[in-house]
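The values are calculated or read from the model by the stated rules, or taken from the named source; none is laboratory data. Everything numeric in this text was worked out from a predicted model, so none of it was measured. Every residue, glycine among them, receives a Cβ derived from its backbone with ideal geometry; neighbour counts consider all protein chains shown. Heads up: the accessible areas ignore ligands, DNA and RNA and are worked out on the full protein's heavy atoms, side chains in. Shrake-Rupley method; radii C 1.70, N 1.55, O 1.52, S 1.80 Å.
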Amino acid sequence: MKAFMKKCPLVMVTIVIALVVAATSVVKSFVFPAAENKTQETHGNVSSSLPQSAASSLCAPSNVAGSSKTVSSAGSAVSHAQPKPGSSAQKRASGFKSSGKEYFSDALFVGDSLTEGFKDYGGIDNASYFCRVGLSIYQLFEHPKTDSSTGLTLEQTLRKKKYGKIYMLLGINEIGTGSTDYFVRHYSSAVTKIRFLQPDAVIYIQSILYVTPSKASGKSVFNNTNVRKRNSGLKTLADGKNIFYLNVDSAIDDGNGNMHEEYSGDGVHLKAKYYPLLSTYIEEHTV
Amino acid sequence: MTFSNLYFIFAFLPCALIAYYLVPEKYKNYVLLLSSVIFYGLGSWWQTGLLAADTAANYFMTGLFSGKNAKNPHRREMFALTVAANVALLAWFKCHPPIPVGISFYTFQIIAYQIDVYRNDIPRENSLLRFGTYTFLFPKLQEGPITRYDEVSDQLKCHVCEKENLEYGFRIFVVGLSYKILLADKISGLWKQLSIIGYESVSTPMAWLGMWAYTLQLYFDFHGYSLMAIGIGRMFGFMLPKNFVTPYGSTSVSEFYRRWHATLGRWFRDYIYIPLGGSRAGMKRTILNLLVVWTLTGLWHGVKWNFVFWGLSLFVLIAIEKLFLRKWLDSHPVVGHIYLLFVIPLTWMLFANADVSSIGIYFSRLFPVVSAGIDVNLCDFSEYGLRYAPYLLAGVVCLFPQPEKFLLGTKKYQKAVVAILSVLLWVCVVSIHRNASNPFMYLQF
């Protein structure tokens, strides 16, 4: 044994550390068996705890009424005409109008790597961006989910400056987590919190972007049936007054409910030269 | 099952080693063969069956032109038929994917064995067990190194089991694992990002950065794998040959390809180039021989146009060097180094893109004489450069021989070496645990 220790120090050290790691994880699983259940409960409590905190720390009572109204009126969705996918003469959805670039000077775009791409290639340079690769609706506000350039959390960003409009593009990273209902509930509480922090801002919920046919044909959860289910849920969050749903998918639809195959290199992210399709749609669908 | 899998490192490998060291000498090959069959079988059982059949067939057919049949009047035909059958099998799978894992490597090793036996350089292996253990040997099964039979056969006959080999092999393995997980996999994000953005929208500085990042990624992925293979082999007492000898320290493309994937290079040299006459039959014949070798090298990597162009581009460079450039480069090493660090990465752009039109787009971004790209974001270089800077710099440092010399080649500072390797190993383990790690790049050949 001593000879082994002398001749094989790295092997010995590795064996010792491996045994310690193994022992620690065994002990951990006995001492903290309910660790996974706890996180689920916390998630579930977020939506119910928010209105209470809103009531306790607010100055203007009208805002409280405003935020709870948003939550309860989630059922009455704005029915704006859905442009037919792929049709060249896309009718602008009723209630929306076109705006110039100056509309976006007080806009904040919130999202994941798709929003990072949009920031770099969409051409709307006067807006603000909160984006981070892998950002998820389930962990939207807290540390360490900070913006990749400012280093601030979303909550810090929303408390720092007043925005006139907030665009959200989230959902593809969460496609494998939770049911549609679970996802929509979390999205709803996120919207509620954003409304609480920015009561005068208009919120645009963008549809989750389709994936390409080749990506959708794989066996994974990344398929457009799932995307469409979630988008239907997101539509119900719009109220036609402060919260709107934008069917940005119509800008990239190949006519069959997928992202055009050549628009993406990996099936999920748009290539740089196609981001202007999104910005054009967004510019033409403002309130 | 790959080397960078945690179950491999902490379950499979220790079990195989313990069994190997504990069983008596006469059973050690059974342990090796069984472990290798399981290792390969966990990936695919039909491919395992294919290799088993291939092994048995080749074992039998080699006997038809050697040993008792050494004076057989038809031994030449038997030999040619056997080699042709192996080449045909490899070619068929190359044209009909999915390509069985390791087939390019094990087929070449079997052919090398048969050529050596035919030329009476080595005796025919009379033990099917030993021959099967050789073809299946899991350290080198998936991506080489491409060995000669006599580099492995001694250990198969008489297994040397020294603790020093266990320790030293493990150290080599850890260095290889670190190259793969902490350098190659981390840097790979940059190249992936370029195809997500779309080459037409990549700025020129970013295109150059991406090219060098890919260069580093490919090197540390394959060199990392090779070190892991050599390290594991060493733990079992096998002295597998080196595959990479600081290739980026070369001053010419000719020199580079003696130091990059050295075992493939020497296979082509010993079994194609020299039998064709090498450089001894006049310049015209030499150039022709080089053309044959480099076309075949391209095809070995894949039956696709980009690999053919890649092989041909190397042929052109090596031919030019042979004709007049090499002497000049050798006598002006600074120029040689700069030349190499531009030319080799440029050739990798042919290697990296299966779609030939996208190669054109990439080169138009590298040399923007015709267009300025489409929807280019000029900040992309600083954004990705900063994000990947630590890994790229570490990669550049590890292109030099010093880091490996210190960790693997010195008898001094042993405590520091063990400490550093331990830290590297566990950082790798955490990284593997956190991410789905990238598959080895040469696994596709």
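Please determine, by comparing only the residues of segment A:99-114 that are of a type outside the set (Asp, Glu) and over 20 Å from A:LYS273 (Cα atoms), which one is most open to solvent (accessible area, probe 1.4 Å).
Initial filter on segment A:99-114 (of a type outside the set (Asp, Glu)): A:99-101, A:103-105, A:107-111, A:113-114.
From what's left, over 20 Å from A:LYS273 (Cα atoms): A:99-100, A:103-105, A:107-108, A:110.
Values: A:SER99: 24, A:GLY100: 30, A:TYR103: 34, A:PHE104: 0, A:SER105: 63, A:ALA107: 0, A:LEU108: 0, A:VAL110: 2 Å².
Per the criteria, the residue is A:SER105.
Please verify whether B:SER371 is modelled with pLDDT under 95, open to solvent by less than 60 Å² (accessible area, probe 1.4 Å) and out of contact with any Pro (no Cβ under 8 Å at 6 or more places or on another chain), treating the condition exactly as stated. The answer is yes for B:SER371.
With open to solvent by less than 20 Å² (accessible area, probe 1.4 Å) and in a loop (DSSP other than H, G, I, E, B) as the only criterion, which of A:GLY267, A:GLY255, A:GLY240, A:GLY178 stands out?
One residue alone meets the criteria, A:GLY267.
Is there a residue being within 10 Å of the chain's Cα centre (by Cα) and at pLDDT 90 or above anywhere in segment A:189-199? So far as segment A:189-199 goes, yes, one or more of its residues are within 10 Å of the chain's Cα centre (by Cα) and at pLDDT 90 or above.
Conditions (1) at pLDDT 95 or above; (2) over 28 Å from B:ILE115 (Cβ atoms), marked per residue:
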position	(1), (2)
B:TYR20	yes, yes
B:TYR30	yes, yes
B:TYR40	yes, no
B:LEU51	yes, no
B:ASP54	yes, no
B:ALA57	yes, no
B:PHE60	yes, no
B:SER66	no, no
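Looking at segment B:32-44, can you tell me whether even one residue there is more than 21 Å from B:ASP154 (Cβ to Cβ) and among the polar types (S, T, N, Q)? The answer is yes; a qualifying residue exists.
From the list A:TYR274, A:TYR210, the lone residue that is part of a loop (DSSP other than H, G, I, E, B), modelled with pLDDT of 95 or more and open to solvent by 10 Å² or more (accessible area, probe 1.4 Å) is A:TYR210.
One line per residue, one yes/no per condition, for (1) open to solvent by less than 30 Å² (accessible area, probe 1.4 Å); (2) within 21 Å of B:PHE256 (Cβ to Cβ):
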site: B:PHE307; (1), (2): yes, yes
site: B:LEU314; (1), (2): yes, yes
site: B:LEU325; (1), (2): no, yes
site: B:ARG365; (1), (2): yes, no
site: B:TYR391; (1), (2): no, no
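Of the residues making up segment B:8-31, at least one is closer than 27 Å to B:PHE222 by Cα, open to solvent by 50 Å² or more (accessible area, probe 1.4 Å) and more than 26 Å from the chain's Cα centre (by Cα).
Yes or no, residue by residue, for (1) within 19 Å of A:PRO276 (Cα to Cα); (2) hydroxyl-bearing (Ser, Thr, Tyr); (3) assigned to a loop (DSSP other than H, G, I, E, B); (4) not assigned by TED's automatic domain parsing to the domain that holds A:GLY178:
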position: A:GLU116; (1), (2), (3), (4): yes, no, no, no
position: A:GLY123; (1), (2), (3), (4): yes, no, yes, no
position: A:ASN126; (1), (2), (3), (4): yes, no, yes, no
position: A:TYR129; (1), (2), (3), (4): yes, yes, no, no
position: A:TYR138; (1), (2), (3), (4): no, yes, no, no
position: A:PHE141; (1), (2), (3), (4): no, no, yes, no
position: A:PRO144; (1), (2), (3), (4): no, no, yes, no
position: A:SER149; (1), (2), (3), (4): no, yes, yes, no
position: A:GLN156; (1), (2), (3), (4): no, no, no, no
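Scan segment B:321-333 for residues that are under 28 Å from the mean Cα position of the chain (by Cα) and hydrophobic (A, V, I, L, M, F, W, C) and jot them down. If the condition is that a residue be under 28 Å from the mean Cα position of the chain (by Cα) and hydrophobic (A, V, I, L, M, F, W, C), then B:LEU325, B:LEU329 are the ones that fit. Among the residues making up segment B:113-148, those that are open to solvent by less than 10 Å² (accessible area, probe 1.4 Å) and closer than 15 Å to B:ASN243 by Cβ are B:PRO139, B:LYS140, B:LEU141, B:GLU143, B:GLY144, B:PRO145, B:ILE146, B:THR147.
With open to solvent by 30 Å² or more (accessible area, probe 1.4 Å), out of contact with any Lys or Arg (no Cβ under 6 Å at 6 or more places or on another chain), within 13 Å of chain A (Cβ to nearest Cβ) and not in a helix (DSSP H, G or I) as the only criterion, which of B:LEU399, B:LEU378 stands out?
That would be B:LEU378, the only listed residue that is open to solvent by 30 Å² or more (accessible area, probe 1.4 Å), out of contact with any Lys or Arg (no Cβ under 6 Å at 6 or more places or on another chain), within 13 Å of chain A (Cβ to nearest Cβ) and not in a helix (DSSP H, G or I).
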